1. Suppose a student asked you for the relative contact order of the chain, using Cα pairs under 8 Å spaced at least 6 residues apart; what percent would you report?
2. Hey, got the dipole for the chain? About the Cα centre, +1 on K and R Cβ, -1 on D and E Cβ, debye to the nearest 20?
3. Kindly provide the pair-distance distribution of the chain built from C-alpha pairs, with 20 Å bins from 0 and whole-percent values in order of increasing distance.
4. Give the order of S92, S81 when sorted by the count of other beta carbons within 10 angstrom, beginning with the fewest.
5. Contour minus end-to-end for D414 and R428, with contour as 0.36 nm per residue of separation and end-to-end as the Cα-Cα distance?
6. Counting other Cβ atoms within 10 Å, keep those with at most 15, restrict to DSSP loop, and tell me which GluC sites (Glu not before Pro) in the stretch 181-266 are left.
7. How much length would be gained if the chain were fully extended between D242 and L305, taking 0.36 nm per residue of separation minus their Cα-Cα distance, in nm to one decimal?
8. Calculate, in nm to one decimal, what T439 and L58 gain on full extension: separation in residues at 0.36 nm each, minus their alpha carbon distance.
Amino acid sequence: MIQQASRNKNRLHRGLLALFVVIGAAGDGLVNRAWAMPPIEGEPIEYGSRELHDPISLLQKKIDGGEVTLDFDEDHGYLPSVLDQLDVPVSSQVLVFSKTSFQRPRISAKWPRAIYFSEDVYIGWVQRGRVVEVSSVDPEQGAIFYSLEQTKSDAPRFTRHTDRCLLCHSSSQTKSVPGHLVRSVYPDAGGFPMLASGTFRTDHRSPLKERWGGWYVTGTHGSQTHMGNVYVRDKSDAENLDREAGANITDLSDRFDTSPYMSAHSDIVALMVMEHQTQMHNLITHANYQGRFALRDEAVINKMLERPADHRSPSTRRRFDSAAHRLVKYMLFVDEARLTDPVRGTSGFARQFAQQGLRDGRGRSLREFDLESRLFKYPCSYLIHSAAFEKLPEPVKASVYRRLWEVLTGQFNDEDGDYSHLSETDRRAILEILGETKTGLPEYWNEGATGQ
């Protein structure tokens with residue numbers, strides 16, 4: 001009987017191991033290639049049913065409780081009031097004219113869609129649109145999608161959407177989690193993307209020459225060119241855009257009527273920040289989900305194999321580390337596309353954004369810009385201060401902190417040269433800024449900050 005029980009346990013162990021190889025528990029290579037992610041509607045994610053704490057759900061509770069009233073504007077509907085309540089700056093406005101929204105019939109080069117954003121919310125507005133579109137970041141669940149009817153009401157309500165939005169916003173393009181996506185396309189004058197010519201998913205690693213197809217861009221960037229401000233004139237040769245015609249544009253009034261918009265700008269710096277931020281949000285959510293799945297799976301295995309509840313297997317540690325290390329790479333701007341000329345915006349967004357940063361005793365902040373050769377002066381994402389980062393499962397967060405500390409103190413064996421872009425000055429500055437502005441750092445972090 002004892003031998004039979006042992007054989008059964010071994011079979012169970014092998015069967016479970018095979019199962020978790022399939023879903024990515026034991027094979028980092030598989031996770032890297034496929035971004036494997038189990039279904040998110042059941043435990044432990046419960047994407048569609050768990051109580052939310054994102055900015056929109058919190059605002060709706062205040063509206064329902066009579067604490068907040070949304071004002072209706074005849075020109076922009078609820079947009080100005082929503083921006084005000086969520087503290088989203090008008091200077092963040094960027095304009096997209098490709099038909100990449102479900103309100104596509106109302107979008108064209110003459111009628112671009114406006115997007116406004118802050119650290120944890122993105123708001124889309126279309127002229128004479130039926131709704132305001134919103135993507136709001138929940139600290140644990142990732143992107144949550146809403147719409148707000150542009151009809152005056154005594155009880156305005158944000159309506160949550162899942163299936164329709166997740167067709168695009170939960171795919172390999174968003175790391176297989178509910179997330180955000182910035183795309184660059186080859187558009188015609190009507191805003192229709194020439195999909196046969198390809199598209200580009202955009203973040204801070206994208207070269208400028210592949211960015212902003214289908215977007216308006218205001219600002220200067222020297223001899224560098226991009227795909228913004230122009231559209232395809234010859235559909236048989238869509239990839240041959242006249243990039244020079246769209247370069248260094250500071251006034252859009254000769255392209256469309258800017259007066260209906262809350263700003264006349266589509267600021268280049270705002271675009272660059274939004275692109276970094278959207279992918280960072282996706283990676284934080286991916287790390288969160290992977291950590292929660294790993295903890296759930298290990299609890300099941302430990303119970304079935306009669307292990308202690310706190311037993312931590314090597315494969316589970318690899319799952320934590322895989323998600324954490326990928327996040328650290330992006331957080332520290334590995335493979336960031338270098339700027340060859342200075343970049344300057346037009347809306348005042350850069351100044352306003354930088355003022356919001358947490359500062360150390362020397363006045364340094366992760367929100368300070370460089371804009372000469374790279375986006376930020378201190379290349380470490382400001383979203384390390386976000387609520388979403390704080391809600392990472394503790395084992396994942398611990399792995400992030402450990403790898404960050406190893407890189408910044410020079411103790412990581414960087415055989416592939418991933419972090420070679422970080423100078424000693426960069427590493428020291430980031431270490432010190434985080435040491436003074438980031439709560440919850442491990443004790444060893446202080447040792448590194450004082451005696452690297």
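1. Result for the chain is 13 percent.
2. Values: 55 positive and 60 negative charges, 284 e Å.
Here the chain has a charge dipole of around 1360 debye.
3. The calculated distribution, bin by bin, is 23, 54, 21, 2, 0.
4. Starting with the residue having the fewest Cβ neighbours, the order is S81, S92.
5. Details: separation 14, 0.36 × 14 = 5.04 nm, distance 1.69 nm.
Full-extension gain reported as 3.3 nm.
6. When the GluC sites (Glu not before Pro) of the stretch 181-266 are filtered for loop state and at most 15 Cβ neighbours within 10 Å, E239 remain.
7. On the way: separation 63, 0.36 × 63 = 22.68 nm, distance 6.39 nm.
Between D242 and L305, full extension yields an extra 16.3 nm.
8. 134.8 nm
Just so you know, all these numbers are worked out from the coordinates, no wet-lab data involved. Predicted, not measured: the structure shown is a model, and the values here were computed from it. Ideal geometry is used to build each Cβ from the backbone, glycine not excepted, and the neighbour counts take in all protein chains shown.
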